[in-house]
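Here the structure comes first, spelled out in structure tokens, and everything after it is commentary.
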Amino acid sequence: MILPFLFIGPTTKMGRGVFTNETIATQTLVEESSVIVMDGRERKLLDQTLLHDYIFEWGEDKSQCCIALGYGSIYNHSYQSNCEYEMDYEKQMIRIISTQQIEAGKELFINYNGDWDDTTSVWFDAQ
């Protein structure tokens, strides 16, 4: 499930991102994305490719990874994200939920740290 008014568009700094054509209310389920789960061996291979930037850690012990289908792997990172994601390991799904109202025309962001307000440096910001 992806809200019908979401679209992928160009960004000035991050290539592409997910945007909305309509205002989204706080706590709205924006997308429910199926995932393809891979084991630790496959993760090591993916880490050597461009796909490294599009995978999520997966599993309670984070020993696996996954690629989110739909728009799931296209959401860009922000430490002040307007969405959060939650993993459903049993159903192999990632849900994107708005954490605030998002106006039409704005980009939707998730925090790659997992918690929408976690300011720990992510791998591409680390010194």
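The values are calculated or read from the model by the stated rules, or taken from the named source; none is laboratory data. These numbers were taken from a predicted model, which means no experiment stands behind them. Neighbour counts run over all protein chains shown; Cβ positions are idealised from the backbone, glycine included.
Worth pointing out:
- Filtered residue count, region 30-57, keeping only those that are of a type outside the set (Val, Ile, Thr), part of a strand (DSSP E or B) and at pLDDT below 95: 2
- Restricting region 12-36 to residues that are free of Cβ contacts under 8 Å to residues at least 60 places away in the same chain and under 15 Å from ARG95 (Cα atoms), the residue that is surrounded by the most Cβ atoms within 10 Å (Cβ to Cβ): VAL35
- Region 40-63 residues that are under 21 Å from ASN113 (Cβ atoms), paired with ones that are part of a helix (DSSP H, G or I) and of a type in the set (A, V, I, L, M) (beta carbon under 8 Å, 6 or more apart): HIS52/LEU46; ILE55/LEU46
- Filter result for GLU90 (outside any strand (DSSP E or B), modelled with pLDDT of 95 or more and of a type in the set (Asp, Glu)): yes
- The test for being surrounded by 15 or more Cβ atoms within 10 Å (Cβ to Cβ) and closer than 27 Å to ALA104 by Cβ does not hold for GLY9.
- Of all residues assigned to region 81-103, none qualifies as being loosely packed, with under 15 Cβ neighbours inside 10 Å and touching a helix residue (DSSP H, G or I) at 6+ places or on another chain (Cβ under 8 Å).
- Meets criteria (part of a strand (DSSP E or B), in contact (Cβ under 8 Å) with a residue 24 or more places away in the chain and closer than 27 Å to THR12 by Cα) for ILE74: no
- Scanning region 10-19 for residues that are farther than 18 Å from ALA68 by Cβ and assigned to a strand (DSSP E or B) returns a single hit, PRO10.
- Tally, over region 37-49, of residues that are exposed (fewer than 13 other Cβ atoms within 10 Å of the Cβ) and under 24 Å from VAL18 (Cα atoms): 2
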